[in-house]
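Working notes for the structure below.
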Amino acid sequence: MKLQELFKMQEELDRFIQSNQKINEDVFRKKGLALLVELAELANETRCFKFWSTKGASERSVILEEYVDSIHFLLSLGIEKNLNTLENWPDPIAEKELTELFLRTQKAIQEFLENYSMSNYMEVWSCYGGLARALEFNYEDVLEAYMQKNKTNYDRQHEGY
Ligand SMILES: O=c1ccn([C@H]2C[C@H](O)[C@@H](COP(=O)(O)O)O2)c(=O)[nH]1
């Protein structure tokens, strides 16, 4: 999937949020923590690790919304470090099991936050590609849900979120 359109939308949204909230500090580390939190929220909605419970995963739409919250912060982190030259979504990692995917994604994010190289950034995208595949989201699903949540994020700012 082509990422340039998403980077542009994210850049505009971030600019709007930062001016609306009057942010002048460097928020890279805060956005990094936000991505880790979103990843955990996504894992929680899938309930993939809850061997102690028979309750199933949340609705697909809920999981997809959590997924694209992560995509917002992943794009945003790349913009902060001028890695928004990335053209295409890198190939998904081969791992198919959700718990392993989440653990690996968490590690890739931590590594990226310590060393924000393009290859570490691409590894996080590959992990999210693997998660999308395991959750049976195609690129169209992701794109559509991203657009929708992007708009919601503007609405929230206008409503004094
Ligand atoms: O600089 C920012 C800050 C927040 N968000 C978006 C990403 C998520 O979609 C949403 C997360 O908000 P919470 O629901 O976690 O408050 O905010 C951005 O896109 N850019």
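The values are calculated or read from the model by the stated rules, or taken from the named source; none is laboratory data. These numbers come from a predicted model, not from an experiment. In this analysis, Cβ positions are derived from the backbone assuming ideal geometry, glycine residues included, and neighbour counts consider all displayed protein chains. Heavy atoms of the whole protein, side chains included, go into the accessibility calculation; ligands, DNA and RNA do not. Shrake-Rupley method; radii C 1.70, N 1.55, O 1.52, S 1.80 Å.
Picking from residues in region 134-161 that are part of a helix (DSSP H, G or I) and open to solvent by 80 Å² or more (accessible area, probe 1.4 Å), the one that is farthest from Leu42 (Cα to Cα) is His158. Of Glu136, Glu114, all but one fail to be more than 21 Å from Met1 (Cα to Cα), more than 14 Å from the chain's Cα centre (by Cα) and free of Cβ contacts under 8 Å to residues at least 12 places away in the same chain; the exception is Glu114.
Of all residues in region 1-48, those satisfying the criterion of being small (Gly, Ala, Ser) and within 30 Å of Leu103 (Cβ to Cβ) are Gly32, Ala34, Ala40, Ala43.
Condition check ((1) open to solvent by less than 50 Å² (accessible area, probe 1.4 Å); (2) hydroxyl-bearing (Ser, Thr, Tyr); (3) in contact with a strand residue (DSSP E or B) (Cβ under 7 Å, 6 or more places away or on another chain)) across all residues:
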site: Gly32; (1), (2), (3): yes, no, no
site: Val37; (1), (2), (3): no, no, no
site: Ala40; (1), (2), (3): no, no, no
site: Asn44; (1), (2), (3): no, no, no
site: Leu64; (1), (2), (3): yes, no, no
site: Tyr67; (1), (2), (3): yes, yes, no
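Restricting attention to region 117-133, the residues that are under 19 Å from Arg47 (Cβ atoms) and either free of Cβ contacts under 8 Å to residues at least 12 places away in the same chain or open to solvent by 20 Å² or more (accessible area, probe 1.4 Å) (or both) total 1.
Under 8 Å between Cβ atoms, which residue pairs at least 6 apart in sequence (or on different chains) link something in region 60-79 that is among the polar types (S, T, N, Q) with a partner that is more than 9 Å from the ligand (Cβ to nearest atom) and at pLDDT 95 or above? Listed by first residue and then by second, the contacts come to Ser70/Leu35; Ser70/Leu39; Ser70/Leu42; Ser70/Tyr128. If you check Glu87, Glu95 for being modelled with pLDDT of 95 or more, touching a strand residue (DSSP E or B) at 6+ places or on another chain (Cβ under 9 Å), closer than 17 Å to Glu123 by Cβ and open to solvent by 50 Å² or more (accessible area, probe 1.4 Å), only one passes: Glu87. Would you check if there is a residue in region 1-12 being out of contact with any Lys or Arg (no Cβ under 6 Å at 6 or more places or on another chain) and at pLDDT below 95? Yes, region 1-12 has at least one match.
For region 27-58, the set of residues classified as within 12 Å of the ligand (Cβ to nearest atom) and either over 21 Å from Val68 (Cα atoms) or in a loop (DSSP other than H, G, I, E, B) (or both) consists of Val27 only.
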